[in-house]
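Report on one structure; see the data block that follows.
All of the numbers you see were taken from the coordinates with simple rules; none came from a lab. Here the structure is a predicted model, which means the values were calculated and not measured. Note that we place each Cβ from the backbone using ideal geometry, even for glycine, and neighbour counts take in every protein chain shown.
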Amino acid sequence: MSTFAPATDINLFAKKAIDALPEAFTRRMHDIVPDEQYTPVMASFAMPRATCFRVNTLKADVQSVQAELTSEGLPLNPCTWYDAAFWVEPEFRDRLLTSPAYTQQRIYVQNLSSMVPPFALSPEPGERVLDLAAAPGSKTLQIACEMDDDGEIAAVELVKSRFFKMRANLEAQGATSVRTFLKNGEHVWRNRPEYFDRVLLDAPCSTEGRFQANDPETYAYWSLAKIKEMSRKQNRLLYSAIQCLRPGGVLVYSTCSFAPEENELVLEKALSTFGDALELEPIGVTLDNARPPLESWQDKPIKADLTHARRILPTDVMEGFFVCRIRKNSSTLNGRRR
């Protein structure tokens, strides 16, 4: 699971992470991650991590940016499943972030795992697309790039400070097809029922996938109560996302959490609520560090068929994530008003 850390250091990194991170979290990870991957997964929270980025194709083409950065002595590692994405090893981060390509907005720094949900969404030019919890706008911008900035993209954010940062970010990156809305995503469906061709819900979560053992702020607010709070919010947002999606459309649900309460159990409730109107599809990318969803949690079986969902295990290149692609087969509006 390590790309550039010496294999002999994996156990040391794992011990450092286990000693630093909340004990309840490390215990739960034993039940979420396969036994043979527990140590490298825990080590990833303490290892130096690569810096990943996308070429902002609204301002430049991939080949010219790749040539530019290579000529500046930056050894780029291409992403095997996404042509616009690359990563550099930790020692080259500062040079990347002072390069003209970065300061002039031709590249956008974003972890590879964070690129998977828009990739799975597969938006096309001319479509109506909703990003329901959009700040800081990383995935919204990726969607605009995939659509050649041609279509109708709605980016919704509730928190005012995050909203204005998102709007400034999108403007700086040149995403002119995006309209931003300072609004509670839980209520959007009442204004735009079954309106959008595609919906992305990268839901607010407990951010477990972004924990760093050497940065206590990344896990200072984690708790089992926080997971329950996020789960309730995710259920309401996913309900709204489904109701915003037209029949035949595609929805991608994702989090940067490992918690089944925020992933499998949220999806189980949605599938139970809407039945045959929803169907899971493959996410469209095969990753060596991705695993199928859990079939049970805390001795209770997960009844919904979640076969195609994927939990992305963290490495020193990719953060932890959970991604699911949903096809809406028929209308879900009749008799369901909240």
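Could you grab me the full set of residues in segment 323-338 that are in a loop (DSSP other than H, G, I, E, B) and either under 25 Å from the mean Cα position of the chain (by Cα) or among the aliphatic types (A, V, I, L, M) (or both)?
Residues of segment 323-338 that are in a loop (DSSP other than H, G, I, E, B), as a first pass: 329-338.
Result: 329, 333.
For segment 295-322, taking the residues that are hydroxyl-bearing (Ser, Thr, Tyr) and either in contact with a Leu (Cβ under 6 Å, 6 or more places away or on another chain) or in a loop (DSSP other than H, G, I, E, B) (or both), the one that is surrounded by the most Cβ atoms within 10 Å (Cβ to Cβ) is identified as 315. The residues of segment 28-52 that are buried (at least 22 other Cβ atoms within 10 Å of the Cβ) and over 18 Å from residue 312 (Cβ atoms) amount to a single one, 46. Restricting attention to segment 191-236, the residues being surrounded by fewer than 22 Cβ atoms within 10 Å (Cβ to Cβ), touching a strand residue (DSSP E or B) at 6+ places or on another chain (Cβ under 7 Å) and of a type in the set (Asp, Glu) number 2. In the set (1) outside any helix (DSSP H, G or I); (2) buried (at least 19 other Cβ atoms within 10 Å of the Cβ), the condition left unmet by residue 240 is number (1). Which residues, taken from segment 278-303, are touching a helix residue (DSSP H, G or I) at 6+ places or on another chain (Cβ under 8 Å) and of a type in the set (Gly, Ala, Ser)? 284 - this is the single residue of segment 278-303 that is touching a helix residue (DSSP H, G or I) at 6+ places or on another chain (Cβ under 8 Å) and of a type in the set (Gly, Ala, Ser). I'd like the full set of residues that are under 19 Å from the mean Cα position of the chain (by Cα) and assigned to a strand (DSSP E or B), limited to segment 246-273. Correct list: 250, 251, 252, 253, 254, 255.
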